[in-house]
2 protein chains.
Amino acid sequence: MLQLDSFLPYRLNVLAKRVSKALARQYEDRFGISIPEWRVLAILGREQPLSSNDIVDRSQMDKAKVSRAVTALVERGILARATHPQDQRLLRLSFTAEGRALYDRVAPLALDWERDFLAGLTAEERAALLGLVDRLEKRLGEMGEG
Amino acid sequence: MLQLDSFLPYRLNVLAKRVSKALARQYEDRFGISIPEWRVLAILGREQPLSSNDIVDRSQMDKAKVSRAVTALVERGILARATHPQDQRLLRLSFTAEGRALYDRVAPLALDWERDFLAGLTAEERAALLGLVDRLEKRLGEMGEG
DNA sequence: CATATTTTGTTTCACCTGAAACGATCTTGT
DNA sequence: ACAAGATCGTTTCAGGTGAAACAAAATATG
């Protein structure tokens, strides 16, 4: 018998969607950034420059979505889009000065929200949760799911 | 510094999306059921009859999405849509015989997939994960998200 | 009672999404 | 060097999405 309360795919989806929406409220209106745009920024905040494909790999977004988010961010002067010297198919995406400044304002907001969200968990519980997420991702890989 | 690897909103979203897609592969082609339709079935599988609003509450889908999924399932003869005798605004949704038969074939598929997916976790880890999801959902409620 | 307000589910509309087609570039094999 | 094929990112297009407007029905208020 399928018990939805304990059916993990269902529970994960509901939780993830609520978290995404709640977090988006922190930056959408204030900075005019969509969820896909925020994801691009978050990934570039860690590592730069990256190609669109790199972002696709790291974000699990499809390449059309990444392309649109990148285009919007470039048009707003937040990202610089250069081409790779050795391979002109590849973009080399990085923050402009303005983009870096924006990221430096948005990222703390996101981290603050996360801290508040996780306030009820101990450090051990947080680590355990991340560890479980890691293992489940790995399991998906083993199962041949992308 | 925002470390995306340990940023839970990001990790949850990537995981949930992959899980949803992988699971959807189990039933989409074989039974012609979309993800929202499957969710409606899963909820009705546990409790019947329900109104559309009940399904909205239990699924975190918006009411337009539920309305469309229900309409499609009714048109396919999978759900019966009766009106409540005391309140004619309310639908009383339940499986037809065909719908019950379909559910009885799809649900085991979903459970099998989940079992395979969770094969690497001990029973304790699974319980811990569900417990954490519960608490995070509750936390979102406290934060006024929904 | 009469009317205002609320609740339920559908529909509209502008936007988002992703699979597939595409042009451009690079790589492989001969 | 050349053709065939792969890879990268953009664009197209058919369909999905959700906020808001809506109609129908119930409830609350004076």
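Just a few scattered comments:
- Residue check: residue A:125 meets all listed conditions (1) open to solvent by 40 Å² or more (accessible area, probe 1.4 Å); (2) within 9 Å of chain B (Cβ to nearest Cβ); (3) at pLDDT below 95 but one, namely (3).
- Boolean, residue B:89 is of a type in the set (Lys, Arg), free of Cβ contacts under 8 Å to residues at least 12 places away in the same chain and away from every other protein chain (no Cβ under 14 Å): yes
- The lone exception for residue B:28 - which of (1) within 11 Å of DNA strand C (Cβ to nearest atom); (2) open to solvent by less than 30 Å² (accessible area, probe 1.4 Å) it fails: (2)
- Filter pass, residue A:47 being out of contact with any Cys (no Cβ under 7 Å at 6 or more places or on another chain) and either closer than 20 Å to residue B:15 by Cα or within 14 Å of chain B (Cβ to nearest Cβ) (or both): yes
- Residue check for residue B:22: out of contact with any helix residue (DSSP H, G or I) (no Cβ under 8 Å at 6 or more places or on another chain), hydrophobic (A, V, I, L, M, F, W, C) and either part of a helix (DSSP H, G or I) or within 19 Å of residue B:113 (Cβ to Cβ) (or both): no
- Counted residues, region B:46-75 - those being over 19 Å from the mean Cα position of the chain (by Cα) and within 26 Å of residue B:111 (Cα to Cα): 0
- Under the condition of being buried (at least 19 other Cβ atoms within 10 Å of the Cβ) and either among the β-branched types (Val, Ile, Thr) or at positive phi (or both), the residues counted in region A:34-85 number 6.
- Screening residue A:97 on (1) surrounded by 14 or more Cβ atoms within 10 Å (Cβ to Cβ); (2) more than 16 Å from DNA strand C (Cβ to nearest atom) shows it passes everything except condition (1).
Matching residues to (1) under 30 Å from residue B:42 (Cβ atoms); (2) within 11 Å of chain B (Cβ to nearest Cβ):
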site	(1), (2)
A:2	yes, yes
A:9	yes, yes
A:27	no, no
A:65	yes, no
A:75	no, no
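- Test result for residue B:18, more than 10 Å from DNA strand C (Cβ to nearest atom), free of Cβ contacts under 8 Å to residues at least 12 places away in the same chain and closer than 21 Å to residue A:1 by Cα: no
- In summary, residue A:55 fulfils each of the numbered conditions (1) touching a helix residue (DSSP H, G or I) at 6+ places or on another chain (Cβ under 8 Å); (2) among the hydrophobic types (A, V, I, L, M, F, W, C); (3) more than 14 Å from chain B (Cβ to nearest Cβ) with the single exception of condition (3).
The values are calculated or read from the model by the stated rules, or taken from the named source; none is laboratory data. All of these numbers come straight from a predicted model, not from anything done at the bench. Because the Cβ atoms are built from the backbone with ideal geometry, glycine has one as well, and the counts that use them run over all protein chains shown. Surface accessibility is based on the protein's heavy atoms, side chains included, excluding ligands, DNA and RNA. Shrake-Rupley method; radii C 1.70, N 1.55, O 1.52, S 1.80 Å.
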